[in-house]
Amino acid sequence: MTSETMPVEQARKVLGDLVIRASLHGKTTVLTRYGQPVAQIAPYTQEQHMPEHTTATAWPPGVYARYLTVGGATVDLRRGHVPAPYVNTCTGCGENDLSYGPHEEGYSPEDEAAYAEREARTAAQAHAETCRAMPAPQER
């Protein structure tokens, strides 16, 4: 791969040509300002833009929804047991929230479950928007 140096002001006038040189001919142009390198126009390679590793981790067992807090922790939503069918747990501050559903008669079991889930999701989102606790360190 060959390289050429060019002032930014000059490169502005021939930017299209520099892109063609890079993409079709594999030539890199180093852009300078006051004689110092500040950027480069180079051929695109897929390897440059692929992460070497990911930081994603598997969700804990039983968690079916996660909300990211402003502090970087998560609020994990799990299915609980009657009388609280949903449980929210913050991995930062440790706060638990139980969602019970409506306390009135006339709701079918399906409606009660849907109500409780909506309540749990709303509570998890509200906590995630305000909790500034950092994630607890993981033991190895």
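To one decimal place, what orientation-averaged projected area in nm² is obtained for the convex hull of the Cα set of segment 3-43?
Projected area, direction-averaged: 2.4 nm².
List every residue whose amide H lies under 5 Å from the amide H of residue 69, counting only residues 5 or more places away in sequence or on a different chain, with H placed 1.01 Å from N in the peptide plane.
Correct list: 74, 75.
Please state the charge dipole magnitude for segment 63-130, taken about the Cα centre, from unit charges on C-beta atoms (+1 on K and R, -1 on D and E), reported in debye and rounded to the nearest 20.
Here the size comes out at about 380 debye.
Which net charge results when you count Lys and Arg as +1 and Asp and Glu as -1 among the other residues whose beta-carbon is under 14 Å from that of residue 85?
-2
Based only on Cα atoms, what Rg/Rh ratio does segment 63-130 have, Rh being taken as Kirkwood's radius?
We get a ratio of 1.02 for segment 63-130.
Quick one: which residues, 5+ away or cross-chain, put their amide H under 5 Å from the amide H of residue 40? H built at 1.01 Å from N.
Under 5 Å from the amide H of residue 40: 31.
Where a number appears in this text, it was derived from the coordinates with a stated rule and is not lab data. These figures come from a predicted structure and were not determined experimentally. Glycine gets a Cβ as well: all are built from the backbone with ideal geometry, and neighbour counts include every protein chain shown.
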